[in-house]
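Undergrad: Quick one: structure below, then a few questions.
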Amino acid sequence: MRVVSVSVTERGRALAGQLPWEHHHGRAAATVRAQWHEVDGLVLFLATGAAVRIIAPLLADKHRDPAVVCVDEAGRFAVALCGGHAGGANELARTVAGYLAAQPVITTGSDAVGRPGLDQLPGFVATGDVAAVATALLDGRAVRVDNPLNWPVPLTADPAGSVLVTVTDRRDVAGPGQAILHPPSLVAGVGTSSTATAREVADLLDQALSGAGLAVASLAEVATIDRRVDHPAVVALGYPIRAFPSGELAAVEVPSPSETVRAAVGTPSVCEAAALLAAGPGAELVVTKRSGPTATVALARRRGPRGHLALVGLGPGGAAHRTPAAEHAVRRAEVVLGYRAYLEQCGDLRGAAQEWVASPIGDEVVRAKQALAEAGAGRRVALVCSGDSGIYGMASIVMELADRGVDIDVVPGITAAAAGAAVLGAPLGHDHVAISLSDLLTSWAVIERRLQAAAESDLVVSLYNPRSRGRTWQLDAARRILLEHRPPATPAGIVTDAGREGQRCVVTTVADLDVTLVGMTSVVIIGSSTTTLVNGRMLTPRGYR
């Protein structure tokens, strides 16, 4: 998402400097006009009246206009001015508010009353008279729900409702007072020869959908054999691709097997078998194999939503060090799980109708199983961690326990070593290693061997989990091991609460490192023989000079 901020006063310029996006100062009207069709979002440090006068002649369509957020001169409020849902202004306002410690101002009806917008339900595509149904929901009026697929939808049905919501993957046309929700229920299986063209495959898919009266909006992904996962004709369809080896495809019973195909690629079916495998248990073929000169297509319908689990690294603490991908993953989730402190860390991302589940520290296996169970039930789940979930985080245990029935994404975050190093200067400028001093899951004998190896190899060492109330001696033991191979004056740094309020930094030496200054929110970085101090900051040169 490309965002540009615009200011006209020095106070506005200073506030814009706290945002991570391109910034223009002065000539607000000319800048907005020049950027209008080039950006996804605009953050205007202007009064709302001035902003309205500037953007009014430029507004065309809520699906094409950029998101516009206004911030007042004191930086107290981030107002979603236009493009709330469709343009992403509501999300942008929350993001800006996080950076500025401001209050997001959201006036979209559904957000204001704490309900998800009909056109913002994760996974669904809404068409028809969405406004009429949304108004009825906001007014508390009854809504009829026609859901022949029995697809889970967060709406309370009432047969006496004055408006209708139809949940279907068919190409239905909505009448007045009717909205259609298309769920992601369809999977296209595609088989191609090496010479297949993108046009042929796209035409085959269109014919399969239209011939069965199925909606393109419900097509969730494409499945094929692993040797065709990068085929240009498959990639050009523009959908997520799931690929399977021939052995797995050959084990699927299909209505249209081919011995010719088996002889060529080791399975009697590609398109039908791939569609069924990707659609999951209980899937049905709704369109059997359709063949072209060099490609085949089939369509399968899922029994219910496929679960998705995002393992989200929130970074060291503050919103400024949180990635847009992490924010998006949390906001898109139906269920957000994590240690209570981590949920508080991203509390500004909490949206309407989300379920947030806190668990105490130490229950990592239970937390991982709960996240997988929620995703296995077809829900979109975010499991949040501080730092990076793949570095001493939850990603490893989740991967150990997961099966193929859940899609898992690892969303990276800034880890403690990187955050601490940035505060200290550039101590990780050359080869380095990270070692956890927690002997709760790894024996001290193993940790000791790793410390010895790192010390002998003259690597910069980042020490995670260095000290807690229950583990007070390990850091000093590690310091003594490193001193066996480092001069006493080797620079060392302690960073506590990096990127958070109350951040503290101590630059010292290995010999003088005071372990009592270190806690569980600290990272300790011990330099190598080449690490030095420049203007009071640690530096490990790469060797450019």
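Quick note: the coordinates plus some simple rules give every number you see, no bench work behind them. No experiment lies behind these values; they were computed from the predicted model shown. Cβ sites come from the backbone with ideal geometry, for glycine too, and all protein chains shown count toward neighbours.
Undergrad: In what order do ARG469, ARG367 fall by count of nearby beta-carbon atoms within 10 Å, going from fewest to most?
TA: Placing the least packed residue first, the sequence is ARG469, ARG367.
Undergrad: As a test of the definition: which semi-axes, in Å, follow for segment 187-301 when you take the square root of five times each eigenvalue of its alpha carbon gyration tensor? Largest first, please.
TA: Over the Cα atoms of segment 187-301, the ellipsoid semi-axes are 18, 16, 13 Å.
Undergrad: What is the order of THR224, THR530, fewest Cβ neighbours within 10 Å to most?
TA: Going from sparsest to densest Cβ surroundings: THR530, THR224.
Undergrad: A further question follows. Want the number for GLN103 to THR294: 0.36 nm per residue separation, take away the alpha-carbon distance, what's left?
TA: 63.1 nm
Undergrad: While we're looking at this one, here's another question. In nm, what is the difference between 0.36 nm times the number of residues separating HIS485 and SER443 and their Cα-Cα distance?
TA: Difference between extended and current length: 12.9 nm.
Undergrad: Can you order the peptides 197-210, 63-76 by their average number of other Cβ atoms within 10 Å per residue, highest first?
TA: 63-76, 197-210
Undergrad: So if the hydrodynamic radius of segment 121-265 is defined as the Kirkwood radius over C-alpha pairs, what does Stokes-Einstein give as its diffusion coefficient at 25 °C and 0.890 mPa s, in µm² per second?
TA: Translational D for this selection: 140 µm²/s.
Undergrad: Another question about this same structure. For segment 375-423, what is the Kirkwood estimate of the hydrodynamic radius, computed as the reciprocal of the mean inverse distance between distinct Cα atoms, to one decimal in Å?
TA: 12.1
Undergrad: So if R0 is 30 Å, what FRET efficiency would ALA453 and ARG504 give, r being the distance between their Cβ atoms, rounded to the nearest 0.05?
TA: So, using R0 = 30 Å, E works out to roughly 0.50.
Undergrad: With Rg and the Kirkwood Rh both taken from Cα atoms, where does Rg over Rh land for segment 307-414?
TA: Reported Rg/Rh, Kirkwood definition of Rh: 0.92.
Undergrad: Determine the principal axes of the Cα atoms in segment 15-101, then give the extent along each, sorted from largest to smallest and rounded to whole angstroms.
TA: 32, 28, 23
Undergrad: Another question, if that's okay. Using 7 Å Cα-to-Cβ label points, what is the VAL433/ALA325 separation (nm, one decimal)?
TA: My value for the distance between the label points is 2.8 nm.
Undergrad: Determine the gain in length on full extension of the stretch GLU355-ALA14; use 0.36 nm per residue of separation and subtract their C-alpha separation, reporting nm with one decimal.
TA: 119.1 nm
Undergrad: Just going by the charge dipole of the chain, with Lys and Arg at +1 and Asp and Glu at -1 on Cβ, which of VAL222, PHE77, TYR464 is farthest out on the positive end?
TA: Of the options given, the answer is PHE77.
Undergrad: How big is D for segment 362-463, in µm² s⁻¹ as a whole number, if Stokes-Einstein is applied with the Kirkwood radius of its Cα pairs at 10 °C and 1.306 mPa s?
TA: Rounded, D is 101 µm²/s.
Undergrad: Right, another one. Working from Cα positions, state the angle (0 to 90°, nearest 10) between the long axis of helix 130-139 and the longest principal axis of the chain.
TA: 70
Undergrad: Taking each pair of distinct Cα atoms in segment 268-333 once, what is the resulting Kirkwood hydrodynamic radius in Å?
TA: Taking every pair of different Cα atoms in segment 268-333, averaging 1/r and inverting gives 15.0 Å.
Undergrad: DSSP loop trypsin sites (Lys or Arg not before Pro) in segment 373-444 with at most 11 other Cβ atoms within 10 Å of their Cβ, which ones?
TA: Hits after loop and neighbour filter: ARG404.
Undergrad: Using only the C-alpha atoms of segment 445-516, find the volume of their convex hull and express it per residue in Å³.
TA: Roughly 97 Å³ of hull volume per residue.
Undergrad: Then there is this: Where Lys and Arg each count +1 and Asp and Glu each count -1, what net charge lies around GLY317 among other residues with Cβ under 12 Å from its Cβ?
TA: Residues near GLY317 contribute -1 overall.
Undergrad: If you build the convex hull over the alpha carbons only and average its shadow over all orientations, what do you get for segment 116-206? Give it in nm² to one decimal.
TA: 7.1
Undergrad: A further question follows. Using 5 Å bins from zero, what percent of all Cα-Cα pairs in segment 410-545 falls into each bin?
TA: 2, 11, 22, 25, 22, 12, 5, 1, 0
Undergrad: Suppose every Lys and Arg Cβ carries +1 and every Asp and Glu Cβ carries -1, with no other charges. What dipole size does the chain come out with about its Cα centre, to the nearest 20 debye?
TA: Roughly 560 debye, rounded to the nearest 20.
Undergrad: Here is a further query. Suppose we flag chymotrypsin sites (Phe, Trp or Tyr not before Pro) only when DSSP calls them loop and at most 14 other Cβ atoms lie within 10 Å. Which is the longest uninterrupted stretch of the chain?
TA: In short, 1-472.
Undergrad: Here is a follow-up. For the chain, restrict the atom set to alpha-carbon positions and state the Rg and Dmax in Å.
TA: 27.5, 81
Undergrad: For the pair VAL216/MET1, report the inter-label distance in nm, with labels modelled 7 Å from Cα in the Cβ direction.
TA: Each label point is offset 7 Å from its Cα along the Cβ direction, giving 2.6 nm.
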